[in-house]
Each structure stands twice: as C-alpha cells, then as structure tokens.
Amino acid sequence: MSQVLQNRRSVIHPYKFNMWLAIVAMVMMFAAFTSAYVVKKADVSNWLVFELPVMFSYSAVIIVISSICMQLAYITFRRNRIGLHRLFMVATFFLGATFLVLQV
C-alpha cells in the first residue's frame, strides 16, 4: 500500500506538466525574439553597441511586478485574506493591461 502511495506522489499531473511546458516554451520564444531583435538592429561593424527601446525595459519591469502581485494574490487567497487577495488581483489586472498598452 505504501509503495502505491509513494509512486502516486512522484507522478506529476498532466495539466501541471503541460503548464510548465507552456511556460518554458514562452520563455524560450521570448528569448529567441529578443535575441533576434538584437541581432537585427545591431550594426555589422560593431555588433556589441546597440540600444534596446526604453519601453522594453518598462514593460519588462511591469510584467515582473505583475507576476509578483499574482503570486501574492495566490498566497493571500490560500491564507483566506480575501481583501488583500482582491487588491492584488486588481493590481495584477491593471499591470497586465498596462503591459499590453506598452506592447503597441
């Protein structure tokens, strides 16, 4: 009986595995597009000198803060602090909307 429970604990749920797979794929795609942008905009004679758009930095910071707010919303929900949960969810929504606006 304990062997069955031990084997069951080591198996990851297919939905969770697919979620992690999607996250890894998105991170890899983001890295690929960013490096392609850098290579495309780089000068052939001196490819180390280039400038990323300022909005790139802003949107990166905003999406990181949005992710932190989402994690805090999850933690506060698990601790049954609904008021803080709603606050973090609203902050996550507005930060996500700001990120989308900066992408245009």
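The values are calculated or read from the model by the stated rules, or taken from the named source; none is laboratory data. Computed from a prediction, not measured in an experiment: that's the story for all the values here. Quick reminder, even Gly has a Cβ in these numbers, built from the backbone with ideal geometry, and neighbours come from all protein chains shown.
Of note:
- Positions within segment 78-96 being surrounded by 13 or more Cβ atoms within 10 Å (Cβ to Cβ), over 20 Å from the mean Cα position of the chain (by Cα) and among the aliphatic types (A, V, I, L, M), in sequence order: LEU84
- Wholly enclosed helices (runs of 4 or more DSSP H) of the chain bearing at least 3 residues of a type outside the set (Phe, Trp, Tyr), at pLDDT 90 or above and on the phi < 0 side of the Ramachandran plot: 14-41, 54-78, 82-102
- In segment 73-88, residue farthest from VAL38 (Cα to Cα) [restricted to those that are touching a Ser or Thr at 6+ places or on another chain (Cβ under 9 Å) and aliphatic (A, V, I, L, M)]: ILE82
- Within segment 51-70, the set of residues being touching a residue at least 24 places away in the same chain (Cβ under 8 Å) and within 12 Å of the chain's Cα centre (by Cα) comprises SER59, ILE62, ILE63, ILE65, SER66, CYS69.
- Long-range neighbours under 8 Å by Cβ, at least six apart or interchain, first residue exposed (fewer than 10 other Cβ atoms within 10 Å of the Cβ) within segment 22-43, second of a type in the set (A, V, I, L, M): ASP43/VAL49
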